[in-house]
Amino acid sequence: MITEKLEHSRVKATFDVTKDEFETALDYSFKKNVEKVTIKGFRKGKAPRDIFEKLYGVEALYEDALDYVLNNKLMEIYKDETLKNEVVGGFVPEIDKDEKIERGHDFKVSIIFDVRPEFNLPQYKGVEVKEADTTVSQEDIDNAINNLLKPKAKKEPKEDKTIALGDYAKFDFKGFVNDEAFEGGEAKDYELKIGSNQFIPGFEAQMVGMKEGETKDINVTFPENYGAENLAGKPAKFEVTVHQVLVEILPELNDDFVKSLNIKDVNTKDELVAYEEKELKARKETAEKDRQTNEIINKILDNTVIDMPASMINSRVDAMRKQYENQAKMYNIPFDTFLSLMGLDKEKFETETYEHGKRNAIFSEVMSRIIEEEKLAPSEEELKEALGITEENKKKVTPEEYDSAFSRLAYDHVVKFLLDNATYTK
């Protein structure tokens, strides 16, 4: 076997096939093919070799004989301990067009396959990343507590009956483009929180200052990317009549309200403030850790020069495509329609999916190499604990469960290593 490295992390293994090897393969092919034919004067599968070849020609045996040869040569690849661990994806046989495949002659065959890419790890220790900001402000705490109060808030008529940001307004509206009313542009007694930005940009801002009973024309322009193509980018006029202006009244924050939340060991206002501050701190720490991790990993990937084999990319692309196809089936809509709802056409979807698949494949290889270089693989004790295996229960796990636990723990180890070895900047 002679191996030759090709581009895109492919290897071509070329083998000599002796005339004796091919004759053995022809014997195999004859035994297989004679079972498929009926020759006059002989029971099915019992015709002699010379009669078979006289009727069909020895060339009729070549296809299955070559398959037999290639399968045997494939086994030689797997006998190479170093090579077999690098093989990824499938195998493609290749026979040179000038090669003479004929009984009684030696010839060569080749098998082409992908291997794990060879590459140099970029700098992964000391990667610069902005230090975490886990400060919890009083405003953060107030907003969190207000979110607890809001479900029990009441809306009451506003005394001065004039709309301000944050107020709720009940109003009628009717929209016109080129002085013609358009479908879906009309509603009665619609309630809207002013400043929530639910309407077309500029609409809510022009309602500020309107009073109950007032009618006003509001002029806006639909965004270029508006969902309805017949309206996108067009100027429009809305006739708006305000019927009522409401303000949101939050319940009083007292100990009785706090107790009604049923939070363990939280019974007073002060305890609630301390609890929310602690929760916000924990969430910010998690968010900042995720941000730093993503920043470090993306810098490493951006600096990785690697010639990825097609099979490693395509396996991830196929999995992503299948996921989207299954979502379309779940919603019972055609795949092209599903893509259009996501703002994609088929070409853009294929391009973006390929790029994501390639990025994921590079990520997998880089993480695997760091795990190998820094000896970050999880121990058997860690794996047993993660899988709930004890001496008492002798729990059996599937290979998929084991691989999933290994990947999860190994990734956690890598993240900790990268964060511990990062360079933090202000």
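Read the figures in this text as sums done on the coordinates, not as results from a lab. None of the values given here were measured: they were computed from a predicted structure. As a convention, Cβ positions derive from the backbone with ideal geometry for all residues, glycine included, and neighbour counts pool all protein chains shown.
As a rough footprinting exposure proxy, the listed residues D64, D189, D265 were ranked by other beta carbons within 10 Å of their own, and the order from fewest upward is D265, D189, D64. Pairs over the 29 Å Cα-Cα cut-off, from the set K193/K264; K284/K416; K154/K269; K5/K322; K79/K395: K193/K264; K5/K322; K79/K395.
What base-10 log of the normalised intensity I(q)/I(0) is obtained for the range 259-349 from the Debye formula, alpha carbons as equal point scatterers, at q = 0.17 Å⁻¹? Treating every Cα as an identical point scatterer, log10 I(q)/I(0) equals -0.90.
Considering only S315, S404, S110, give the residue with the highest GNM mean-square fluctuation for the chain, with springs between Cα atoms whenever their separation is below 10 Å. Most flexible of the set in this elastic network: S404. Listed by chain and number, the aspartates and glutamates whose C-alpha is less than 20 Å from the C-alpha of K259, apart from same-chain residues fewer than 8 away, are D142, D270, E271, E276, E277, E279.
Among T425, T221, T304, what is the fewest-to-most ranking by other Cβ atoms within 10 Å?
T425, T221, T304
Note on D336, D420: ascending count of other Cβ atoms within 10 Å places them as D420, D336, the fewest first.
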